[in-house]
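S.K.: Here it is, the structure, as structure tokens.
The values are calculated or read from the model by the stated rules, or taken from the named source; none is laboratory data. For clarity, every value in this text was computed on a predicted model and none was experimentally measured. Please note: Cβ atoms are built from the backbone with ideal geometry, for glycine as well, and neighbour counts cover all protein chains shown.
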Amino acid sequence: MGSMFRSEEVCLVQLFLQSGSAYNCVSELGELGLVEFRDLNPNVNAFQRKFVGEVRRCEELEKTFTFLEQEINRSLPPHVRGSLRPPCPTPLAPQPRELIAIEEESERLARELKEVSDGADKSKTILCCLISVLSKEDKFSGLIDFYFYLCVSYQVSRNRDSLILSRFNVFPLYVLSLSFVAGVVHPWKVPSFERLLWRACRGYIIVDFREMEDRLEHPDTGEMVQWTVFLISYWGDQIGQKVKKICDCFRTQTFVYPESTAEREEILQGLQTRIEDIKSVLAQTEAFLQQLLMRAVAVLPQWKVRVQKCKAVQMVLNLCSPSVTDKCLIAEAWCPVAKLPELQSALREGGRKSGSGVDSFYNRLPSPTSPPTLFPLNSFTAGFQNIVDAYGVASYREVNPAVYTIITFPFLFAVMFGDVGHGLLMTLAAVWMILEERDPKLRNNNNEIWKMMFGGRYLILLMGLFSIYTGAIYNECFSRGLNTFSSAWRVQPMFEKNTWNASVLAGNQYLSMDPAEPGVFVSPYPFGIDPVWGMASNKLTFLNSYKMKMSVIIGIIHMTFGSVCVISKVFFVLIPELFFMLCLFGYLVFMVVYKWIAYTPAQSKIAPSILIHFIDMFLFTDNPDNLPLYKGQVCGVLTKVLVVLALCSVPVLLLGMPIFEYMTFRKIRNHVVSFCLTGLQHLYVEVRYTFCQFHNYLQHQEEDRRPLEFDAADVFMHQAIHTIEYCLGCISNTASYLRLWALSLAHAQLSEVLWKMVLRKALTWQGYVGSVILVVIFAFFAVLTVSILLVMEGLSAFLHALRLHWVEFQNKFYSGSGYKLSPFSFSSLINASPPV
């Protein structure tokens with residue numbers, strides 16, 4: 001649990017992987033997800049690395065798997081496709097021989113699938129065309145007879161001209177030879193097909209298009225299409241060749257349509273026989289195709305996972321640097337210190353699987369840069385850690401605000417969203433998501449909004465529970481008060497004192513209850529706000545005062561806690577900041593609480609103004625019109641001391657840390673100089689690296705080496721900015737917490753408006769008609785409650801709580817300038833969502 005506060009301790013290790021066992025060692029590390037590898041070849045092109053051939057081989061296999069998956073999705077029903085999810089447990093990374101077997105079998109399966117699928121598509125295309133032509137045969141027969149009648153009439157009319165020309169040995173330029181071609185074309189291609197035929201043949205054709213009554217399946221896309229059947233009549237062989245080329249260009253199936261009726265009947269019978277044969281062949285082809293696809297479904301998930309692991313291992317090996325003798329690979333990786341024994345066990349297991357006689361091993365190295373950050377997470381803490389990481393990942397061993405956010409974030413949200421009914425609805429929704437969290441349909445839903453809500457289900461649960469708590473304090477349930485305990489206000493004493501009587505009741509719409517009268521106000525309400533305030537005309541005035549003071553108190557406590565978290569710089573940062581905060585705003589909280597406790601209802605008319613006292617505190621003056629809050633406040637010694645202490649803390653905060661850093665720098669520099677003069681530095685030299693590794697290590701050192709000179713201007717400027725930001729931020733951030741008051745009142749008023757304007761109207765109806773109207777209006781009320789008060793108001797309160805944590809709380813101690821540890825893990829690789 002301690003690592004949640006400060007992150008786990010991470011070290012840099014150097015791995016010496018034997019060439020024969022490197023693949024298995026990296027595979028074992030991928031199964032465990034322990035280390036994050038560093039690239040030791042940053043200047044080497046990705047195409048020039050040692051294992052790029054194996055990576056390309058895996059990529060070619062992935063292309064084959066993509067083709068198989070497309071064929072499965074196209075031809076199999078959805079319930080069969082669902083079995084393509086990654087298997088559980090996942091298989092291990094394949095050995096080289098196993099990868100060759102996967103490659104050969106997948107290529108053979110893909111080749112058979114392609115051949116069978118192409119044959120089935122071709123058969124479907126031919127079958128579709130034959131059925132289309134047969135469906136329009138009777139209409140085309142009438143057209144052909146009509147065309148022949150026109151041609152014969154035209155021929156007789158031209159005979160006289162031909163006889164006259166023959167006397168002069170001149171013959172006509174045309175010889176009438178009518179031919180017919182029938183076929184099928186996609187309806188989208190009809191305009192361009194007709195236009196091209198007309199322009200290419202110069203009008204020496206007649207084309208007739210007829211749409212089919214029934215829709216047939218498109219062989220390529222599988223969609224149902226209302227095909228268009230065409231009949232082309234033309235003269236001459238040259239025009240026939242043009243027609244054939246154009247039909248081939250548009251990928252239409254054409255059939256020669258004979259002139260005589262007998263030949264047409266004979267061809268139609270042949271086509272009918274051919275259709276029956278094609279249907280039989282197509283049924284057998286589909287059966288064989290289904291067998292191939294079921295074989296692919298059985299092995300494809302295993303293959304995909306194994307090839308993904310193999311590719312990931314090869315890419316990690318590309319990050320390694322070969323030794324001079326090329327007998328081992330050298331890698332550098334970040335690893336949690338607590339996992340070092342598991343790291344050594346994984347290296348031994350990899351060597352055992354490879355049958356290597358020499359085990360791989362590791363060495364710890366000094367970190368040239370700041371290590372990455374690693375927090376142990378589970379399904380409960382992940383949502384809160386994501387809130388903090390959205391602001392910035394914690395630096396190495398920095399205080400993690402996510403631990404405190406688990407309580408403070410839902411609480412601040414509930415202060416703005418407090419309502420028992422709304423909180424109960426939110427809690428029930430979160431409980432349902434938690435109970436169904438293992439449902440694959442919920443976990444694998446790709447909707448971004450749903451994934452965000454499902455990932456933060458425990459956060460929503462706590463927000464709902466805290467909203468029920470704050471709603472009980474506000475005494476609001478769907479804007480209505482709950483009379484759990486008896487009210488502490490009594491009406492009877494007002495009549496007994498004759499303060500109220502019949503004439504007073506008749507002449508006043510609103511009556512005021514005086515708490516100073518004995519017996520009117522008995523005692524404070526046991527928990528929360530008295531329900532009698534729900535009927536009061538000055539309810540809003542009372543709640544304004546109450547929630548405003550509550551917001552200021554919560555804000556100052558929250559910011560003070562943020563300042564306390566700076567425990568690494570106690571004397572020059574933490575103590576001055578606490579003095580400045582508590583001497584000014586802590587005293588303000590003290591006055592608010594003291595006034596609540598010290599002044600009874602009988603003294604409410606003489607209670608002093610806290611705001612005027614707080615202003616006089618800065619002006620070092622006393623206001624005679626404003627009574628003192630407690631004895632001894634008139635002389636103002638305490639307030640003057642607090643203001644002076646707050647002002648004295650500013651120069652300490654401004655100059656203390658830079659001076660301390662400068663003195664520390666001088667001490668370290670003098671120590672280094674004396675160490676070099678004694679010559680003891682030669683004892684530290686060790687032959688730990690070969691020349692190549694030592695050169696790379698020096699490069700890393702040079703990139704991240706800090707300057708050897710103390711930049712006083714930069715340090716003082718940085719501290720001055722921090723001091724000004726903190727001092728001014730104490731004022732502006734305190735005012736920023738007033739959003740708790742504003743949003744809480746807005747949520748309460750929206751709830752009350754929705755009650756009065758919607759549901760209260762329905763309750764005035766009576767009888768059966770009133771029941772029907774109540775059901776309809778209640779449904780409308782429920783929709784508005786969920787959409788406006790739960791979704792919109794909940795999102796608004798969530799964003800404001802997020803801002804209070806990021807700006808007002810975390811900026812007191814949190815830098816968020818680190819980066820996450822991303823261990824090499826097969827599970828995260830396989831479960832990663834596909835790119836959009």
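S.K.: Among the residues of the stretch 374-384, is there at least one that is touching a helix residue (DSSP H, G or I) at 6+ places or on another chain (Cβ under 8 Å), without any contact (Cβ under 8 Å) to a residue 60 or more places away in the chain, in a loop (DSSP other than H, G, I, E, B) and within 16 Å of P823 (Cα to Cα)?
M.R.: Among the residues of the stretch 374-384, at least one is touching a helix residue (DSSP H, G or I) at 6+ places or on another chain (Cβ under 8 Å), without any contact (Cβ under 8 Å) to a residue 60 or more places away in the chain, in a loop (DSSP other than H, G, I, E, B) and within 16 Å of P823 (Cα to Cα), which makes the answer yes.
S.K.: Quick one: in the stretch 706-764, of everything that is under 32 Å from the mean Cα position of the chain (by Cα) and free of Cβ contacts under 8 Å to residues at least 60 places away in the same chain, which residue is farthest from T369 (Cα to Cα)?
M.R.: Per the criteria, the residue is L750.
S.K.: Could you check how many residues of the stretch 536-594 are small (G, A, S) and over 30 Å from R490 (Cβ atoms)?
M.R.: The total comes to 6.
S.K.: Out of the residues in the stretch 76-112 that are among the basic types (K, R) and closer than 14 Å to P301 by Cβ, state the one that is modelled with the highest pLDDT. Don't jump to the end; show me each part of the working.
M.R.: We begin by selecting, within the stretch 76-112, every residue among the basic types (K, R); these are 81, 85, 97, 108, 111.
Filter again for closer than 14 Å to P301 by Cβ, leaving 81, 85.
On the way: R81: 58, R85: 74.
Looking at residues that are among the basic types (K, R) and closer than 14 Å to P301 by Cβ, I get R85.
S.K.: Scan V791, V786, V807 and give me the residue that is under 27 Å from K569 (Cα atoms) and of a type in the set (V, I, T). Break it down stepwise before answering.
M.R.: Numbers: V791 fails: under 27 Å from K569 (Cα atoms); V786 fails: under 27 Å from K569 (Cα atoms).
Matching residue, one of V791, V786, V807: V807.
S.K.: What are the residues in the stretch 551-582 that are among the charged types (D, E, K, R) and either within 33 Å of the chain's Cα centre (by Cα) or surrounded by 19 or more Cβ atoms within 10 Å (Cβ to Cβ) (or both), if any?
M.R.: Passing the criteria: only E577.
S.K.: Can you pull out the residues in the stretch 519-546 that are part of a loop (DSSP other than H, G, I, E, B) and without any contact (Cβ under 8 Å) to a residue 24 or more places away in the chain?
M.R.: First, the residues of the stretch 519-546 that are part of a loop (DSSP other than H, G, I, E, B): 519-520, 522-530, 536-538.
Answer for the stretch 519-546, where residues must be part of a loop (DSSP other than H, G, I, E, B) and without any contact (Cβ under 8 Å) to a residue 24 or more places away in the chain: A536, N538.
S.K.: Please identify the pairs in which a residue from the stretch 34-58 that is over 19 Å from L821 (Cβ atoms) has its Cβ atom under 9 Å from the Cβ atom of a residue that is assigned to a strand (DSSP E or B), counting only partners at least 6 apart or on another chain.
M.R.: Qualifying pairs under 9 Å: N41/S321; K50/P322; K50/L329.
S.K.: Pull up the stretch 442-460, narrow it to residues that are over 18 Å from L795 (Cα atoms) and touching a helix residue (DSSP H, G or I) at 6+ places or on another chain (Cβ under 8 Å), then point me to the one that is surrounded by the most Cβ atoms within 10 Å (Cβ to Cβ).
M.R.: Per the criteria, the residue is L442.
S.K.: Could you count how many residues in the stretch 501-515 are surrounded by 13 or more Cβ atoms within 10 Å (Cβ to Cβ), under 21 Å from K539 (Cα atoms) and hydrophobic (A, V, I, L, M, F, W, C)?
M.R.: Number of matching residues: 1.
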